[in-house]
Amino acid sequence: MAALVLLGALAAGMPLGRAAMQDDVDTALSIAEFLRGARTVISAGQARINDPAVGDKGLSGDVVVDQAIQNVIKATGADPRQVDAGSEKGRLLAAMALAVKEVMDANQPLINQQGTGFKGFVPAVFARLVTEQFRRDQSGRAEIKVTAPPELVRNRRASPDAFETDIIRRKFQSPDWVKDSIYSEATTVAGRPATRVLVPEYYGAGCLACHGSPKGEIDITGYPKEGASQGDLGGVISITLFD
Ligand code: HEC
């Protein structure tokens, strides 16, 4: 998976100093990259997870965290374990690794069940569980969520808020938005100063078995397909760091 591209879009007149803002954006992108690295482990293991003949899938919390780190190194060249553990970035990366481990450990009985093929444990479900776990662990200091344009949202827990919807409409869905560019802004969330970073994600060929055509046909997970094409905006990783 390609590394996240950092291309400007810093808001004008932001209250934070430029350096502090850049730090926040860097931290936000690093936790988004960790989530992607972990999600890639689940995609790569999907056939095994779905195999009714295999019991133990070998995807314990520790294994998935280790493989996620390898995927992050592959995508970015940087090892998340080298980040100063005392820094905000180090703390949030550790919290993300912990959330991944907790979700995998909690789901061992489901994914190791013999005799059941498709178990509904797909990358998007895994990612949502991780972001929900991360939110619980962080008690409101930082949030990460995978959302989507309102017309594509499957699970309403992933619905975009007003800010996310606005940026999706005015930026990511605008014909002149440079593909893969992120959006960041120093703003407030429920009255609290925060840095928000939005990372667009596009459908690849592998996504279309569920999100592609024919539109309305029920996919393996029980949802109607969206009729999307490869390269369409499929979702947004949205990170909020409270100051
Ligand atoms: C096996 C079917 C399947 C495949 C393949 C798949 N998805 Fe999904 N996707 C789902 C399901 C099911 C959900 C709802 C997950 C949940 O319950 O939170 C979902 C949710 C999402 C969401 C979160 C917003 C929402 O609608 O709830 C995004 C973004 C998304 N998918 C993008 C992608 C992208 C990008 C790919 C390819 C890299 C992909 N999906 C591949 C089934 C799939």
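Values computed for the structure shown
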{"read-out": "Antiparallel DSSP beta bridges within the chain, as percent of all bridges there, nearest 5", "value": "95"}
{"read-out": "Peptides 149-156, 92-99 ordered by average Cβ neighbours within 10 Å, highest first", "value": "92-99, 149-156"}
{"read-out": "For the range 54-140, fraction of C-alpha pairs farther apart than 22 Å, in %", "value": "31"}
{"read-out": "Alpha-carbon Rg with Dmax, taken over the chain, Å", "value": "17.9, 58"}
{"read-out": "Selected from V130, V83, V41 as most flexible by GNM, with the chain as the system and alpha-carbon contacts under 10 Å", "value": "V83"}
{"read-out": "Contact order relative to length of the chain, as percent, for alpha carbon pairs under 8 angstrom and 6 or more apart", "value": "22"}
{"read-out": "D_trans [Stokes-Einstein, Kirkwood Rh over alpha-carbon pairs] for the range 100-154, 10 °C, 1.306 mPa s, µm² s⁻¹", "value": "124"}
{"read-out": "Alpha-carbon radius of gyration plus Dmax, which is the widest Cα pair, for the range 45-86 in Å", "value": "13.9, 44"}
{"read-out": "Karplus-derived 3J(HN,Hα), 6.51/-1.76/1.60, for each residue of the range 82-88, Hz, glycine and proline x", "value": "7, 6, 3, 5, x, 7, 4"}
{"read-out": "Alpha carbon convex hull of the range 101-243, volume per residue in cubic angstrom", "value": "121"}
{"read-out": "HN-Hα J in Hz across the range 34-46 - Karplus 6.51, -1.76, 1.60, θ = phi - 60°, x for Gly and Pro", "value": "5, 4, 5, x, 6, 5, 5, 4, 5, 4, 5, x, 4"}
{"read-out": "Additional length obtainable on full extension of the chain from A94 to Q173, 0.36 nm per residue less Cα span", "value": "25.1 nm"}
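Readers should treat all values here as calculations from the given coordinates under stated rules, not as data from a laboratory. Please read all numbers here as calculations on a predicted model, not as lab measurements. Quick reminder, even Gly has a Cβ in these numbers, built from the backbone with ideal geometry, and neighbours come from all protein chains shown.
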